[in-house]
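Engineer: Input: one structure, supplied below.
The values are calculated or read from the model by the stated rules, or taken from the named source; none is laboratory data. Keep in mind that this is a model prediction, so the values were computed, not measured. So basically every Cβ, Gly included, is an ideal-geometry build from the backbone, and we count neighbours across all protein chains shown. Surface accessibility is based on the protein's heavy atoms, side chains included, excluding ligands, DNA and RNA. Shrake-Rupley method; radii C 1.70, N 1.55, O 1.52, S 1.80 Å.
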Amino acid sequence: ALGVGTANTASNVLDDYEEGTWTCVMKDTADRALSTNANSSGFIYVKIGRQVTLSGRITTDSIGSAGGQLVLTGLPFTAYSGTAGYSAGSVGRAGNLNIGSGKTVGIAVTGGQTHCEMTVWDDSVGTTDMQVSEWSADGWIMFNIVYQTA
């Protein structure tokens with residue numbers, strides 16, 4: 001099959017398509033998990049070539065002993081290494097979080113990782129790492145993440 005564009009090289013040919021489900025868990029950076037609620041659903045992915053698209057809704061029941069920085073774990077593929085692997089996700093809806101007005105929740109993918117950092121955007125400060133204390137026992141988000149894999 002010929003590729004798209006003038007180069008028509010093998011790198012322009014669609015050679016990989018996959019879809020499936022993945023397991024998503026909120027944890028702190030010490031690997032202590034928040035308890036995931038039965039209302040968590042839709043953890044699906046589509047991989048086309050090196051691009052991976054994820055979506056779902058995660059709800060928690062309990063924070064347990066977690067503390068510090070909050071991460072979303074379980075990406076189905078490792079993100080591309082280095083700064084070329086940096087990407088972001090969007091949070092379409094969220095609820096029951098302990099963040100103030102003028103702040104929004106985001107998701108950041110760092111190259112070479114299988115987790116995402118949860119972030120908080122403050123309109124006067126910029127982006128900071130989301131802390132478990134800014135979540136809540138019954139916190140939830142609906143999200144979409146697009147990133148590149150090796």
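Engineer: If I ask for residues that are open to solvent by 20 Å² or more (accessible area, probe 1.4 Å) and in contact with a helix residue (DSSP H, G or I) (Cβ under 9 Å, 6 or more places away or on another chain), which ones from segment 65-86 would you list?
Structural biologist: Passing the criteria: Gly67, Gly68, Gln69, Thr78.
Engineer: For the list (1) touching a Gly at 6+ places or on another chain (Cβ under 6 Å); (2) touching a residue at least 60 places away in the same chain (Cβ under 8 Å), I need the number of the one condition that Ala84 fails.
Structural biologist: Against the list (1) touching a Gly at 6+ places or on another chain (Cβ under 6 Å); (2) touching a residue at least 60 places away in the same chain (Cβ under 8 Å), Ala84 comes up short only on (1).
Engineer: Residues in segment 87-140 that are in a strand (DSSP E or B) and either of a type outside the set (Phe, Trp, Tyr) or open to solvent by less than 60 Å² (accessible area, probe 1.4 Å) (or both): how many?
Structural biologist: 29
Engineer: Do you know which residues across segment 35-81 are of a type in the set (D, E, K, R) and in contact with a Gly (Cβ under 9 Å, 6 or more places away or on another chain)?
Structural biologist: Within segment 35-81, Lys47, Arg57 qualify.
Engineer: Something else now. Would you mind stating whether Ser62 is hydroxyl-bearing (Ser, Thr, Tyr), loosely packed, with under 15 Cβ neighbours inside 10 Å and modelled with pLDDT of 95 or more?
Structural biologist: When the stated conditions are applied, Ser62 passes them.
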